[in-house]
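**Student:** Here's a structure for you.
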Amino acid sequence: MSISRRKFLGLIGSAGVGTAVSNSVFAASNKHFTGYPESFAVLHDSVRCVGCRQCEEACNKVNDLPEPDQPFSDASVLDKKRRTTAKAYTVVNRHDRAKDGIAPVFNKTQCNHCLEPACASACFVKAFKKTKTGAVTYDASVCVGCRYCMMACPFDIPAYEYDNALSPKVVKCTMCQPRILEGKLPGCVESCPREALVFGKRDDLIKIARNRIARYPKNYVDHIYGEHEMGGTSWMYLSGVAFQKIGMREDLGIKPAPELTSGALSVVPMVAALWPVLLTGVYAITKRKEKIENEEKNQAVNSAIKATKAVAELKIGEALAKAEKEQEEIVEKAVKSAVDNAVKANTEEAA
Ligand code: SF4
Ligand code: SF4
Ligand code: SF4
């Protein structure tokens, strides 16, 4: 596989990347973390992005997601603002900037793989982990489906498989962790025809981004989004217009999530300890509900049987009465006919 150096910085020659990073993880739950200096990251340059959505298509393919309702080549999809879903781990949105006298700007959204993720802070069973590669991973086997991670994420990223009735999971971009561990590029980065996405060591990407801003000051705002937001993220962005104008939050500050939520998190051990009790309560309520539902169902069936029986009895009664009446009329007729015949016979004999 030939990989463009501009798309793949820092990893070239690191054949042992998988073994180097696979076992070590950091659960950014309750303590301050300054980031893995050697971790990987992605830089999205919205000045280069043309909104072709090939990154979306590649993401769909590498994650084996269902086909979208409209094909990836259908540009009308960009007429509406979209967010990530259980079937689309990344979306590209178009921001019309005619007011600024410039062409539309496209930005790509997916999990930002925060250095200190709010999702991990909020998850008391530690389903989310910041790993040494830079990816924030999710372990469905321990997830209890409380969806606190979805509420906690400042970027509104994790989605839930509401359509999956049996084993719904929280889903989001994986940063293509399995591919990274194999020494490959994330699917979206590999597919981008404009090199609007670059993968490499986070520190190197920050240098590249600074260099672009310095060389083309007219093309870029002097800000690398994600360098410091929420304590820093592993996906970073460059833009030619204020980030807020392309749908990105500029009100988040630079404090990492665990610092912001440390007060709230002090209740987590209590919640964790109470969880089995809560689950038992929920189970009992569910069972009670089921019992009531069953009782109600039985009652309804019994009432229906009774009603049907009553109607049937009434109909049978009516039918019997009718039959009885008809029978009486037949007998009456027969008797009358017999009496008539007898009278006639007597009259004939007498004559
Ligand atoms: S593939 Fe590259 S140019 Fe195309 S939409 Fe995605 S990031 Fe933009
Ligand atoms: S962007 Fe949201 S889901 Fe992704 S790591 Fe950060 S807090 Fe978690
Ligand atoms: S890194 Fe992988 S999972 Fe994340 S948006 Fe790109 S292709 Fe999708």
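The values are calculated or read from the model by the stated rules, or taken from the named source; none is laboratory data. Everything numeric in this text was worked out from a predicted model, so none of it was measured. For neighbour counting, all protein chains shown are included, and Cβ atoms are generated from backbone atoms with ideal geometry for every residue, glycine included. We work out accessible area using only protein heavy atoms, side chains counted, and drop any ligands, DNA or RNA first. Shrake-Rupley method; radii C 1.70, N 1.55, O 1.52, S 1.80 Å.
**Student:** Output yes when any residue across region 169-187 is in contact with a helix residue (DSSP H, G or I) (Cβ under 6 Å, 6 or more places away or on another chain), more than 8 Å from ligand 3 (Cβ to nearest atom) and assigned to a loop (DSSP other than H, G, I, E, B), and no when none is.
**Tutor:** Checked against the condition, which is being in contact with a helix residue (DSSP H, G or I) (Cβ under 6 Å, 6 or more places away or on another chain), more than 8 Å from ligand 3 (Cβ to nearest atom) and assigned to a loop (DSSP other than H, G, I, E, B), region 169-187 yields at least one hit.
**Student:** Hey, among Val142, Val92, Val105, Val62, which residue is out of contact with any Ser or Thr (no Cβ under 6 Å at 6 or more places or on another chain), modelled with pLDDT of 95 or more and either within 13 Å of ligand 1 (Cβ to nearest atom) or under 22 Å from Gly226 (Cα atoms) (or both)? Explain how you work it out, then say what you get.
**Tutor:** Working: Val142 fails: either within 13 Å of ligand 1 (Cβ to nearest atom) or under 22 Å from Gly226 (Cα atoms) (or both); Val105 fails: out of contact with any Ser or Thr (no Cβ under 6 Å at 6 or more places or on another chain); Val62 fails: either within 13 Å of ligand 1 (Cβ to nearest atom) or under 22 Å from Gly226 (Cα atoms) (or both).
Among Val142, Val92, Val105, Val62, only Val92 is out of contact with any Ser or Thr (no Cβ under 6 Å at 6 or more places or on another chain), modelled with pLDDT of 95 or more and either within 13 Å of ligand 1 (Cβ to nearest atom) or under 22 Å from Gly226 (Cα atoms) (or both).
**Student:** Considering only residues that are crowded, with 19+ Cβ neighbours inside 10 Å and either in contact with a helix residue (DSSP H, G or I) (Cβ under 9 Å, 6 or more places away or on another chain) or not aliphatic (A, V, I, L, M) (or both), which ones fall in region 78-92? Can you show your working first?
**Tutor:** Narrowing region 78-92 to residues crowded, with 19+ Cβ neighbours inside 10 Å: 84, 86, 88-92.
Answer for region 78-92, where residues must be crowded, with 19+ Cβ neighbours inside 10 Å and either in contact with a helix residue (DSSP H, G or I) (Cβ under 9 Å, 6 or more places away or on another chain) or not aliphatic (A, V, I, L, M) (or both): Thr84, Ala88, Tyr89, Thr90, Val91, Val92.
**Student:** Restricting to region 168-204, give me the number of residues that are under 20 Å from Gly35 (Cβ atoms) and not hydroxyl-bearing (Ser, Thr, Tyr).
**Tutor:** First, the residues of region 168-204 that are under 20 Å from Gly35 (Cβ atoms): 172-177, 180-181, 186, 198-204.
In the following step, the residues that additionally are not hydroxyl-bearing (Ser, Thr, Tyr) were identified as 172-173, 175-177, 180-181, 186, 198-204.
Residues that pass the stated criteria total 15.
**Student:** Any residue in region 193-220 that's touching a residue at least 24 places away in the same chain (Cβ under 8 Å): show its pairings with residues that are assigned to a helix (DSSP H, G or I) and surrounded by 22 or more Cβ atoms within 10 Å (Cβ to Cβ) at Cβ separation under 8 Å, as long as the two are six or more apart or on different chains.
**Tutor:** Listed pairs, sorted by first residue: Leu197/Cys55; Leu197/Cys188; Leu197/Val189; Val198/Val189; Val198/Leu205; Phe199/Val189.
**Student:** Would you mind telling me which numbered condition in (1) within 23 Å of Thr174 (Cβ to Cβ); (2) open to solvent by 20 Å² or more (accessible area, probe 1.4 Å); (3) acidic (Asp, Glu); (4) within 15 Å of ligand 1 (Cβ to nearest atom) Glu67 fails?
**Tutor:** Going through the list (1) within 23 Å of Thr174 (Cβ to Cβ); (2) open to solvent by 20 Å² or more (accessible area, probe 1.4 Å); (3) acidic (Asp, Glu); (4) within 15 Å of ligand 1 (Cβ to nearest atom), Glu67 breaks only (4).
**Student:** Consider Asn211 against the criteria (1) under 24 Å from Tyr36 (Cα atoms); (2) buried (at least 16 other Cβ atoms within 10 Å of the Cβ): it satisfies all of them except one. Which criterion is unmet?
**Tutor:** For Asn211, the failing item is (2).
**Student:** Filter region 171-215 for residues that are within 16 Å of ligand 2 (Cβ to nearest atom) and in contact with an Asp or Glu (Cβ under 8 Å, 6 or more places away or on another chain) and give the result.
**Tutor:** The initial filter retains those residues of region 171-215 that are within 16 Å of ligand 2 (Cβ to nearest atom), namely 171-177, 180, 186, 188, 202.
Of everything in region 171-215, those that are within 16 Å of ligand 2 (Cβ to nearest atom) and in contact with an Asp or Glu (Cβ under 8 Å, 6 or more places away or on another chain) turn out to be Val171, Cys188.
**Student:** So in region 242-259, with the set limited to residues that are of a type outside the set (Gly, Ala, Ser) and touching a helix residue (DSSP H, G or I) at 6+ places or on another chain (Cβ under 6 Å), which one is most open to solvent (accessible area, probe 1.4 Å)? Break it down into steps so the answer makes sense when it comes.
**Tutor:** To start, the set of residues in region 242-259 that are of a type outside the set (Gly, Ala, Ser) comprises 243-246, 248-252, 254-256, 258-259.
Going one step further and asking which of them are touching a helix residue (DSSP H, G or I) at 6+ places or on another chain (Cβ under 6 Å), we end up with 250, 252, 256, 258.
On the way: Glu250: 87, Leu252: 25, Pro256: 7, Pro258: 9 Å².
Among those residues, the one meeting the criterion is Glu250.
Per-residue answers, yes or no, for (1) closer than 18 Å to Trp235 by Cβ; (2) out of contact with any Cys (no Cβ under 7 Å at 6 or more places or on another chain); (3) open to solvent by less than 60 Å² (accessible area, probe 1.4 Å):
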{"position": "Asp45", "(1), (2), (3)": "yes, yes, yes"}
{"position": "Cys52", "(1), (2), (3)": "no, yes, yes"}
{"position": "Pro71", "(1), (2), (3)": "no, yes, no"}
{"position": "Arg97", "(1), (2), (3)": "no, yes, yes"}
{"position": "Val105", "(1), (2), (3)": "yes, yes, yes"}
{"position": "Lys130", "(1), (2), (3)": "yes, yes, yes"}
{"position": "Val136", "(1), (2), (3)": "yes, no, yes"}
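Let's see how each residue does on (1) away from ligand 2 (no atom under 16 Å from the Cβ); (2) at pLDDT below 95:
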residue: Met1; (1), (2): yes, yes
residue: Arg5; (1), (2): yes, yes
residue: Leu11; (1), (2): yes, yes
residue: Ala20; (1), (2): yes, yes
residue: Asn23; (1), (2): yes, yes
residue: Gly51; (1), (2): yes, no
residue: Glu56; (1), (2): yes, no
residue: Thr84; (1), (2): no, no
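**Student:** Tally time: how many residues in region 204-246 are among the polar types (S, T, N, Q), part of a loop (DSSP other than H, G, I, E, B) and either more than 16 Å from ligand 3 (Cβ to nearest atom) or within 24 Å of Asp96 (Cβ to Cβ) (or both)? Steps first, please.
**Tutor:** So in region 204-246, the residues among the polar types (S, T, N, Q) come out as 211, 219, 233-234, 239, 244.
This time we only want the ones that are part of a loop (DSSP other than H, G, I, E, B), so: 219, 234, 239.
Pick out the ones that are also either more than 16 Å from ligand 3 (Cβ to nearest atom) or within 24 Å of Asp96 (Cβ to Cβ) (or both) and you get 219, 239.
Total meeting the criteria: 2.
**Student:** Okay, moving on. Mind checking which residues of region 152-183 are in contact with a Leu (Cβ under 9 Å, 6 or more places away or on another chain), farther than 19 Å from Ser121 by Cβ and surrounded by fewer than 23 Cβ atoms within 10 Å (Cβ to Cβ)?
**Tutor:** Arg179, Gly183
**Student:** Can you tell me which residue in region 118-145 is nearest to ligand 2 (Cβ to nearest atom), limited to those that are of a type outside the set (Gly, Ala, Ser) and more than 18 Å from the chain's Cα centre (by Cα)? It would help to see each step written out before you state the result.
**Tutor:** Step one: list which residues in region 118-145 are of a type outside the set (Gly, Ala, Ser), which gives 119, 123-126, 128-133, 136-139, 142-144.
Next, only the ones that are more than 18 Å from the chain's Cα centre (by Cα) stay: 124-126, 129-133.
Details: Phe124: 15, Val125: 15, Lys126: 13, Lys129: 10, Lys130: 8, Thr131: 11, Lys132: 15, Thr133: 13 Å.
Within region 118-145, the match that is nearest to ligand 2 (Cβ to nearest atom) is Lys130.
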